[in-house]
Structures are given as C-alpha cells and as structure tokens.
Amino acid sequence: MLRFETAGESHGECLVATLTGLPAGVPISVAQVNHELWRRQQGFGRGGRMKIETDTAELVTGVRHSQTIGSPIAIIIRNRDWQNWTEVLPVESAENSEEKKKPLTRPRPGHADLAGAIKYSFTDARYILERASARETTARVAVGALAKQYLAQFGVQVLSHVIQVGTAQLERLVDWDELVTLSQKEEVLLGCVDPEAETRMKAVVDEAYRTGDTVGGVFEVRAHNLPIGLGSHITWDTRLDGRLAQAILSIQAVKGVEIGEAEEAATVFGSKVQDTIHYDKAERRFHRGANKAGGLEGGITNGQDLVVRGLLKPISTLRRPLESVDMTTKDPAAAAYERSDVCVVPAAGVIGEAMVAIVLAQAFLEKFGGDSLKESRRNYDGYIQQVREF
C-alpha cells in the first residue's frame, strides 16, 4: 500500500513528508521534485511569503543513486522564514518565552482558527493556524512529484490548468497538447491556456488587490494515457471517483469537486450525458463519442483522460478584516490578519495534480503490485496485452 504523511507548521523549522510503498528501482530526479515545488509558488496574486521561500526538497532516506530502494522515503523542506520565528515557536519554553509569543485571539472567519481552538482547548489559535495553513501542501507536492515519476514509467502524465478566477471563465475546450505547453512555461501568470481569458482573470485579481479582498476560482486536473481498470465498483471505498474527490477536497480552501461534466449533466436528460460506445475493428479497440464522464464509470477508469475539477473559495485571510470576536475578552473585534495571498488558483491546480497523482499511483500498485518496478511493469504489460486481446 502506498501511504504518505506530512508534518510541520507554517512557520516551523521545516516541513517533513514520508512516503512508503513505492517499489524499488523507480528512477527519481530531485530536480523534477524541485520544479514541482517551484510551480506551486508561482502565479499572479501570491503573497509576500513566496518572496521569502525558495522551496527545495532534501530526500534523506529511501533513494540511493537516483533510484528508490523500496524503503520509506523521507523528505525535508526547510522554511527560510523560521529564522524570524525561532523565539515565537520554540520546541522548549525558555525564560521570557511567553512574552515573545504572537498569540492570535481574534479568529478569522473561514479558517480553522475558532473551531480548532475550541476543539484543542487553546485560547490562542496560533497552533491551529500553523498546522492548518496551506503551507503544508508544499510537502504534498513533493510527494506527488515522486508519484508522478512512478506513473511516468507507464506513460501516464498528470497536468492542470485554471478555467475560472472569480467571474472570469475560460469559454472553450482545451486539448492535451495545450496543457503540455502550459506546463513548460518559465513564467506563470494565472495558469490559463488562453491569453485573452487569462487577461480577464488578471483583471479580477487586480480588483481584489485594489479593494483589499481575495478571489477564488476553479482548476482542472487531467491525467493522460491511463489504462482501463484502475479502481473498483465492488465497495464504496474502492471507487476511484470517491477517493479522488476526498483527495481534492482535502486541499485547503477547496469546497467542491467535479468529475467530468457533472454540473452540466445535472441539468439535461440522460440521452445527452452518456458517452456512447464504439468499436474500431481495424485497430481492435473500443472508443467513445465524448468524455462527459471524465474518464471514470462505476468508479473505474475507462481509458479516457481523467478530468477532475476543484472549486476553490477565496482565501480567508483578508487585508480588509471581517467581523470576529476576541476569544479572551469575548468582545467584538476585527479578525486577525496574517500575511497571505490574494489568489492561489494556479497553485491549487499544482497541488491538485499532486493529490491526483498520489491516488492514481496507489491505484496502480493495487492493480499491478510489485516490490520492484520491474515486477510492476511485467504485471502491467501482461494486463495491457490482455486488454488488447479482449
């Protein structure tokens, strides 16, 4: 079983991730991991933290001579901002350490501040926000980069793009080659493949900057060249659509998930929704008239591109604070302000890629197994031959 965990606080010394279950013999490039971390930091609307951090991964276990060795992989990503917080968040209390705290007693609407403080019986929400922060997703992206490198051994790619920021939307279909081109850009504005639509998106972010507000949007993740048969219809928790939905919803600020054309499908008759089935006798393969299902039917991949969208609410920390209450005095107060972003939709897409890649890598290993990449590939090749002969 492929499993991962992350640890660390937003302003702590470092973020840590562990990944177990990746077979031995998978080629690993640390440069590719760092490129994914760079992609997560890009995009118009990011805050001051991105000017401080230059995220790089240290793989300290589980990879030797650029290959996995089958043992758990541990990753460390150091926070440069830690130097400003060593006295605020020490591991052990020292003399006068209470005076150096930066308590947060005015919880921010939309964050975990108040609910977490009540749950853990803190009168200071600092410890809650430090872990609840989306800074944690840096470690997920590093793990996702390893999952991507495993999937690439079978020709599978996972990419994302932005289809909406606020009210500005991309109004046309996008092909796979456009996503590949977008992923290779050295500069990222808002992660949209269409320059005209991206200009309209930027205007929305500019307005949020001007008014001290924030803005959300919609990102789309696609997985290309997947085999038929990942996932299962047999039990509720093995359905791949459910697992993908949980993975995307676990991303901070994501409040909704769409697989395929779910929203449109809810408004039309069934005859307009289903992907018709056809067979090419010359090529000896099944194919579809469309991909409204987003590559999944009955919780199982059907061989088409997987299409998953995340609906991201606006970031909850506003420069123009919302109404709140001081947890100590119980008096009305403006919500606290922590350095934050205005728009993170492109970054959320990169995080979405990581989560989709992790879930797909898990499904691959459940389907094909293997303690080594050689064994996994042998099982995969045999299955693909079986599919061709169906």
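Considering 244, 240, 296, 249, which residue is under 19 Å from residue 221 (Cβ atoms) and surrounded by fewer than 17 Cβ atoms within 10 Å (Cβ to Cβ)?
Details: 244 fails: surrounded by fewer than 17 Cβ atoms within 10 Å (Cβ to Cβ); 240 fails: surrounded by fewer than 17 Cβ atoms within 10 Å (Cβ to Cβ); 296 fails: surrounded by fewer than 17 Cβ atoms within 10 Å (Cβ to Cβ).
Only one candidate passes the filter, namely 249.
State all residues of region 206-246 that are touching a residue at least 12 places away in the same chain (Cβ under 8 Å) and among the polar types (S, T, N, Q); if no residue qualifies, say none.
211, 214, 225, 232, 238
Checking residue 32 against (1) polar (S, T, N, Q); (2) in contact with a helix residue (DSSP H, G or I) (Cβ under 7 Å, 6 or more places away or on another chain); (3) loosely packed, with under 14 Cβ neighbours inside 10 Å, only one condition comes out false. Which one?
(3)
Test residue 301 against the criterion of being on the phi < 0 side of the Ramachandran plot and either charged (D, E, K, R) or touching a His at 6+ places or on another chain (Cβ under 8 Å) (or both), and give yes or no.
So residue 301 fails the test.
Condition first: more than 24 Å from the chain's Cα centre (by Cα) and surrounded by fewer than 24 Cβ atoms within 10 Å (Cβ to Cβ). Can you find one or more residues in region 301-318 that meet it?
Taking region 301-318 and keeping what is more than 24 Å from the chain's Cα centre (by Cα), we get none.
No, region 301-318 contains no residue that is more than 24 Å from the chain's Cα centre (by Cα) and surrounded by fewer than 24 Cβ atoms within 10 Å (Cβ to Cβ).
Since residue 38 meets every condition but one in (1) open to solvent by less than 30 Å² (accessible area, probe 1.4 Å); (2) under 30 Å from residue 216 (Cβ atoms), which condition does it not meet?
Here residue 38 meets the rest and fails (1).
Being crowded, with 16+ Cβ neighbours inside 10 Å, hydrophobic (A, V, I, L, M, F, W, C) and out of contact with any Leu (no Cβ under 7 Å at 6 or more places or on another chain): is that true of residue 268 here?
Details: crowded, with 16+ Cβ neighbours inside 10 Å: no; hydrophobic (A, V, I, L, M, F, W, C): yes; out of contact with any Leu (no Cβ under 7 Å at 6 or more places or on another chain): yes.
Here the answer is no, as residue 268 does not meet what is asked.
Take the residues in region 186-200 that are open to solvent by less than 90 Å² (accessible area, probe 1.4 Å) and part of a loop (DSSP other than H, G, I, E, B); name whichever of them is farthest from residue 32 (Cα to Cα).
The residue in question is 194.
Give me the pairs: first residue in region 251-266 and more than 21 Å from residue 301 (Cα to Cα), second residue open to solvent by 50 Å² or more (accessible area, probe 1.4 Å) and among the charged types (D, E, K, R), beta-carbon distance under 6 Å, and six or more apart or on different chains, which are they?
Qualifying pairs under 6 Å: 253/313; 255/313.
Of all residues in region 155-171, which are hydrophobic (A, V, I, L, M, F, W, C), open to solvent by less than 30 Å² (accessible area, probe 1.4 Å) and in a strand (DSSP E or B)? I'd like the intermediate steps shown before the answer.
Residues of region 155-171 hydrophobic (A, V, I, L, M, F, W, C): 156, 158-159, 162-163, 165, 168, 170.
Checking which are open to solvent by less than 30 Å² (accessible area, probe 1.4 Å) leaves us with 156, 158-159, 162, 165, 168, 170.
Listed by number, the residues that qualify are 158, 159, 162, 165, 168.
Hey, among the residues in region 60-85 that are touching a residue at least 60 places away in the same chain (Cβ under 8 Å) and farther than 22 Å from residue 2 by Cβ, which one's surrounded by the fewest Cβ atoms within 10 Å (Cβ to Cβ)?
Among them, the one singled out is 84.
Taking the stated definitions as given, is residue 342 assigned to a strand (DSSP E or B) and touching a Gly at 6+ places or on another chain (Cβ under 7 Å)?
Here the answer is no, as residue 342 does not meet what is asked.
Between 387, 345, 359, 350, which is open to solvent by less than 20 Å² (accessible area, probe 1.4 Å), touching a residue at least 60 places away in the same chain (Cβ under 8 Å) and farther than 28 Å from residue 72 by Cβ?
Testing whether each residue is open to solvent by less than 20 Å² (accessible area, probe 1.4 Å), touching a residue at least 60 places away in the same chain (Cβ under 8 Å) and farther than 28 Å from residue 72 by Cβ leaves just 345.
The values are calculated or read from the model by the stated rules, or taken from the named source; none is laboratory data. Please read all numbers here as calculations on a predicted model, not as lab measurements. Neighbour counts are summed over all protein chains in view; Cβ atoms, including those assigned to glycine, are modelled from backbone coordinates with ideal geometry. Areas reflect the complete protein model, heavy atoms only, side chains present, ligands, DNA and RNA absent. Shrake-Rupley method; radii C 1.70, N 1.55, O 1.52, S 1.80 Å.
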